[in-house]
Amino acid sequence: MSGLATPLPLPCGRVLPNRLMKSALSEGLATADHAPDERLVRLYRRWGAGGFGLIVTGNVMIDRTQLGEPGNVVIEDDRDLAALTRWAKAAQDGGTPIWMQLNHPGRQANPLATRQRPVAPSALAAGIPGLPVPRALTDAEIRDLIHRFATAARIAEAAGFDGVQIHAAHGYLVSQFLSPLANQRTDDWGGDAQRRARFLLEVVRAVRSSVQPGFAVAVKLNSADFQRGGFTEDESRAVIEQLAGEQLDLIEISGGSYESPAMMGRAQTVSARTAAREAYFLEYADTVRTLAASVPLAVTGGFRSRAAMSDAIDSGVCDVVGLGRPSTVRPAAATDLLAGGIDVLRPPLISLGLRGRLARSSALRAVDGALDLQWHTDQLHRLGAGLDPDPARSPWSTAVTMLRRNGFDAFRSRRGAVGGDRGSTKFRIDKFRVERAIGRYLVNPGFAALDRIGVRSTFATELETIGRKSGQPRRVPVSVRFDDEGAWIICQHGMRSGWGNNVRANPAVRLRQNGRWRAATAELRPDDDVVARARAFAPHPALAPLTAAGFAALQTDPISVRVTFTDAPPSAGA
Ligand SMILES: Cc1cc2nc3c(=O)[nH]c(=O)nc-3n(C[C@H](O)[C@H](O)[C@H](O)COP(=O)(O)O)c2cc1C
């Protein structure tokens, strides 16, 4: 057996039983008050018995007003100490040490979960459509956040966790401080690489001094942000050199952010050498091995075969191999690899399987990325419910669940932010592109496919209005629900709609019913309950929530439109 099974003594004196780490995976399983409950205990019992040398929890937030996603655990004080203790023990009962990952989302705060304006080093929004512009932190607030990291670490130790990991990767607050794109401060917290690194170093020092020397303290750091003008590999190396001088027990290497998700293997380009070694950040790790001095290194992202993992350890490039997605469908992945004779973990590749031009669309790539995250989160929720993982779960089922739950917002990065500066031109243009892509490539082909197998929807027909400027007839495809006197239509873009405004200017319209054009008048009904109306459009009651979500997904301000026929009804049998 290779070095994978060899224990690893840490600088704090603790020993990891082997080199396989379950990396942080946000569970979204906290209670409404952001405390852990039985679901997290069940999930971590599975992983605790899975043979890992180390388990890192999903990110735990340090401020309940600023969350990365719904269902985050939050630690601000010791009110949930008993529940946190049960959580730690669940993993340790299986013989595995557990570290808590501590995080603050900064400008990646998720508005589905966060009602307050996000805060960040500078008032600069991330390049994710719809992200609000954050407020720049004051010096006093920065110091308060450092204190919060330290408080959370102290409580994690009191609850029996074996260590904490500070999340300084993936575009969250600490990595925002490191990034020249996100941090444009000119005070002691920004201005040059040295000052941009100060927040991380002060958090590390505050955390270290709030816990016992035998408690492990670690950092998850980006090799780079994979963004033009962002945190580079050279800057990252300089940060590692500084971290080597702190009392750290592990530096985990990852990369990217939810704007450029390299950590999920979704970087634009991958060198042949990286592809051969599976893991995305090994080449970089090779270059920092000596800089990290006596601090052990972990690399996470892309590891799937025992051969590649063993090679990474045996060659000395890193000391620990991190596994993320494979551990959701194989909670005992470490035992399987070390003792169970499994050579390769083959988690399903989660993607809508789009090809050609579709695969190159950035909007649809974002949908794919969000789906990848959500599909794996769904597996965690199964484990939390006491079920087994379901590797055969269709990505489309996850897509439907996301739509039903959150509508359009679901398809922006769940772990990035959503909602936001809806008034901005950029937001509207981006949103329009996504809507158009979803309509063109998902919704319309979907209904066409249903039609082909005989599931008729009342949706697809055409409406003719009189152009308010041209005076000429204008035909648009519309979704319609007919009744005896006329029809209901959802005007997807409300008052922004071209045909909606035509109707306001001239209510005389024609509507195609069963291939025949009917004369009618149309009236915008902004007071109608458009969501309830949309539900009534479902071809089958079971599809009603999906239909409503579909409409919610496609528009910002939809309005119901009542169409009343003014001609004689077609004779029976016509
Ligand atoms: C559902 C999901 C949730 C994640 N949550 C976190 C998190 O809370 N903190 C973190 O540092 N990384 C998080 N990650 C990233 C993983 O830790 C890991 O870096 C990534 O999945 C790449 O490793 P893999 O190829 O083995 O999956 C998450 C990834 C997934 C799929």
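The spacing between segment 496-524 and segment 328-342, judged by their C-alpha centroids, is 61 Å. Remark: spin-label model distance Glu283-Thr65 equals 4.4 nm, labels positioned 7 Å along the Cα→Cβ axis. The modelled label-to-label distance between Thr186 and Ser470, using points 7 Å beyond Cα along the C-beta direction, is 5.3 nm. A cut-off of 5 Å between modelled amide H atoms, ignoring neighbours fewer than 5 places along the same chain, links Thr461 with Val478, Val480.
Charges were assigned to the Cβ only: +1 to each Lys and Arg, -1 to each Asp and Glu. The resulting dipole of segment 8-347 about its Cα centre is roughly 600 debye. Listed by chain and number, the aspartates and glutamates whose C-alpha is less than 13 Å from the C-alpha of Lys220, apart from same-chain residues fewer than 8 away, are Asp249, Glu252. Among His34, His104, His147, the ranking by other beta carbons within 10 Å of each residue's beta carbon, starting with the fewest, stands as His147, His34, His104. For segment 138-214 and segment 1-71, what is the separation of their Cα centres, given in Å? After rounding, the separation between the Cα centres reads 20 Å. The calculated FRET efficiency for the pair Arg237 and Asp314, based on their C-beta separation and a Förster distance of 25 Å, comes to about 0.60. With the charge dipole of segment 65-115 set up from +1 on Lys and Arg Cβ and -1 on Asp and Glu Cβ about the Cα centre, the Cα lying farthest toward the positive end among the listed residues Thr85, Leu102, Gly71 is that of Gly71.
Straight-line cross-link partners of Lys89 among the aspartates and glutamates, defined as a Cα under 13 Å from its Cα and at least 8 positions apart when in the same chain: Asp37, Glu38, Glu157, Asp162. 5 Å is the cut-off here: which amide hydrogens, built 1.01 Å from N in the peptide plane, fall below it relative to Ala182, excluding neighbours closer than 5 in sequence? When sequence neighbours closer than 5 places are left aside, there are no close amide H contacts. Taking amide H atoms as placed 1.01 Å from N in the peptide plane, the amide H of Leu8 lies under 5 Å from those of Leu16, Asn18, each 5 or more residues away in sequence or on another chain.
Per-residue extension of 0.36 nm, minus the Cα-Cα distance of Ser397 and Gln116, leaves a gain of 98.0 nm for this segment. At an R0 of 41 angstrom, the distance between the Cβ atoms of Ala532 and Ala505 translates into a FRET efficiency of 0.90. Here's the picture: a label point sits 7 Å out from the Cα of Glu76 along the beta-carbon direction, and within segment 88-122 the residues with their amide nitrogen under 13 Å of it are 115-116.
Here, each number is a calculation from the coordinates, and none is a lab measurement. None of the values given here were measured: they were computed from a predicted structure. Because the Cβ atoms are built from the backbone with ideal geometry, glycine has one as well, and the counts that use them run over all protein chains shown.
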